[in-house]
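A.B. asks: Below you will find the structure I want to go over with you.
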Amino acid sequence: MARTIQSLERAAAMLRLLAGGERRLGLSDVAAALGLAKGTAHGILRTLQQEGFVEQDPTSGRYQLGAELLRLGNSYLDVHELRARALVWTDDLARSSGEAVYLGVLHQQGVLVVHHVFRPDDSRQVLEVGAMQPLHSTALGKVLSAYDPVAHAEATEAAREEFTPHTVTGLADFEGVLDLIRARGWASDVEETWEGVASVAAPIYDRRRMPVGAVGITGAVERVREDGELRSTLVAAVRDCARAVSRDLGAGRF
């Protein structure tokens, strides 16, 4: 059985203790409840306080959960609300487009796939939830880079790897691509990340009208393009899906 790290177990136990029962607890209360020496308990609490996970009342000296935990919790809830609101619409998009549908959010220096609907046929497919995609070459990533300032900084400041001869890597050219995305409201990836594969994606907004994710379809180039151009029906379907999810998140009409 894998060994656990005792200090992390104790820190987790402290957070659970502070999350239930009394709103604020003193050092003696925490130490007694967890069976720890006061010095040990104080060291862990001090570390949690430095990281923002715990706050100490300056008057009473008692401890409570900190704002950083709230921020992390809200992030978790935001992603899960996004996925929950998108379930029906992404299923509809897969049926209407005949292609696989992906829902992605910014995570570290890339796009985290949080929902994946298989292409509606009998072909063998692999669930890609949890996979990471690059920001600069994929349709999902370029949408986030165009509309989310944090994603934009990540994509422009990092090295942009050339995955295929079609990948845009130069900064000026990449900024030009993002300008085009903002002007038309959607992004594409035609063999920029994977040979023979094309994608279309559009941004999703929340009630604050802030970009919180992107939704897109991915398929073989010959199905996604027609006469050398991306099929307008697929572009319209992706944009309609993004608008529907945004409305369900409280963004209203746009």
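The values are calculated or read from the model by the stated rules, or taken from the named source; none is laboratory data. What you are looking at is a predicted structure, and each value in this text was computed from that prediction instead of being measured. Reconstructed Cβ throughout: ideal geometry from the backbone, glycine too, with neighbour counts over all protein chains shown. Side chains included, ligands, DNA and RNA excluded: accessible areas come from the protein's heavy atoms. Shrake-Rupley method; radii C 1.70, N 1.55, O 1.52, S 1.80 Å.
A.B. asks: Quick check on this structure: which one of GLU99, GLU161 is crowded, with 21+ Cβ neighbours inside 10 Å, over 14 Å from the mean Cα position of the chain (by Cα), under 19 Å from TRP194 (Cβ atoms) and among the charged types (D, E, K, R)? Walk me through it before giving the result.
C.D. replies: Working: GLU161 fails: crowded, with 21+ Cβ neighbours inside 10 Å.
Criteria check complete, one pass: GLU99.
A.B. asks: Go through the residues of region 26-39 one by one and say whether even a single one is on the phi > 0 side of the Ramachandran plot and without any contact (Cβ under 8 Å) to a residue 12 or more places away in the chain.
C.D. replies: Quick first cut of region 26-39, residues on the phi > 0 side of the Ramachandran plot only: 35.
Still in the running and without any contact (Cβ under 8 Å) to a residue 12 or more places away in the chain: 35.
Scanning region 26-39, I find at least one residue that is on the phi > 0 side of the Ramachandran plot and without any contact (Cβ under 8 Å) to a residue 12 or more places away in the chain, so the answer is yes.
A.B. asks: Of the conditions (1) over 27 Å from the mean Cα position of the chain (by Cα); (2) surrounded by 14 or more Cβ atoms within 10 Å (Cβ to Cβ); (3) at pLDDT 90 or above, ALA37 satisfies every one except a single condition; which number is it?
C.D. replies: (2)
A.B. asks: Mind counting the residues in region 180-202 that are hydrophobic (A, V, I, L, M, F, W, C), over 13 Å from VAL235 (Cβ atoms) and either surrounded by 15 or more Cβ atoms within 10 Å (Cβ to Cβ) or in contact with a Lys or Arg (Cβ under 9 Å, 6 or more places away or on another chain) (or both)? Explain how you work it out, then say what you get.
C.D. replies: Within region 180-202, the subset hydrophobic (A, V, I, L, M, F, W, C) is 180-181, 183, 186-187, 190, 194, 197-198, 200-202.
Next, only the ones that are over 13 Å from VAL235 (Cβ atoms) stay: 180, 183, 194, 197.
Checking the rest, the ones that are also either surrounded by 15 or more Cβ atoms within 10 Å (Cβ to Cβ) or in contact with a Lys or Arg (Cβ under 9 Å, 6 or more places away or on another chain) (or both) come to 194, 197.
So the answer is 2.
A.B. asks: Please verify whether SER28 is small (Gly, Ala, Ser), open to solvent by 70 Å² or more (accessible area, probe 1.4 Å) and at pLDDT 90 or above, treating the condition exactly as stated.
C.D. replies: Answer is no for this residue.
A.B. asks: Give region 130-162 a look and list any residue that's outside any helix (DSSP H, G or I), in contact with a Leu (Cβ under 9 Å, 6 or more places away or on another chain) and closer than 16 Å to TYR102 by Cβ, or say none. Write out each step before concluding.
C.D. replies: As a first pass, look at region 130-162 and keep what is outside any helix (DSSP H, G or I): 130-138, 148, 158-162.
With the extra rule that they be in contact with a Leu (Cβ under 9 Å, 6 or more places away or on another chain), the set shrinks to 130-133, 135, 148, 158, 160.
Residues satisfying the conditions are GLY130, ALA131, MET132, GLN133, LEU135.
A.B. asks: Exactly one of these conditions fails for ALA67: (1) out of contact with any Gly (no Cβ under 7 Å at 6 or more places or on another chain); (2) modelled with pLDDT under 90; (3) of a type in the set (A, V, I, L, M, F, W, C). Give me its number.
C.D. replies: (1)
A.B. asks: Quick one: which residue in SER60, SER75 is in a loop (DSSP other than H, G, I, E, B) and at pLDDT below 95? Show your work before the answer.
C.D. replies: Values: SER75 fails: in a loop (DSSP other than H, G, I, E, B).
On inspection, the qualifying residue turns out to be SER60.
A.B. asks: Any residue at all in region 164-179 that's open to solvent by 50 Å² or more (accessible area, probe 1.4 Å) and touching a strand residue (DSSP E or B) at 6+ places or on another chain (Cβ under 8 Å)?
C.D. replies: Yes: region 164-179 contains one or more residues that are open to solvent by 50 Å² or more (accessible area, probe 1.4 Å) and touching a strand residue (DSSP E or B) at 6+ places or on another chain (Cβ under 8 Å).
A.B. asks: Is one or more of the residues making up region 206-221 open to solvent by 70 Å² or more (accessible area, probe 1.4 Å), at positive phi and free of Cβ contacts under 8 Å to residues at least 12 places away in the same chain?
C.D. replies: Initial filter on region 206-221 (open to solvent by 70 Å² or more (accessible area, probe 1.4 Å)): 207-210.
Going one step further and asking which of them are at positive phi, we end up with 209.
Filter again for free of Cβ contacts under 8 Å to residues at least 12 places away in the same chain, leaving none.
There is no residue in region 206-221 that is open to solvent by 70 Å² or more (accessible area, probe 1.4 Å), at positive phi and free of Cβ contacts under 8 Å to residues at least 12 places away in the same chain.
A.B. asks: If you check every pair at least six apart or on different chains, which have Cβ atoms under 9 Å apart with a residue in region 147-172 that is in contact (Cβ under 8 Å) with a residue 24 or more places away in the chain first and a residue that is of a type in the set (S, T, N, Q) and surrounded by fewer than 11 Cβ atoms within 10 Å (Cβ to Cβ) second?
C.D. replies: The qualifying pairs are GLU154/GLN108.
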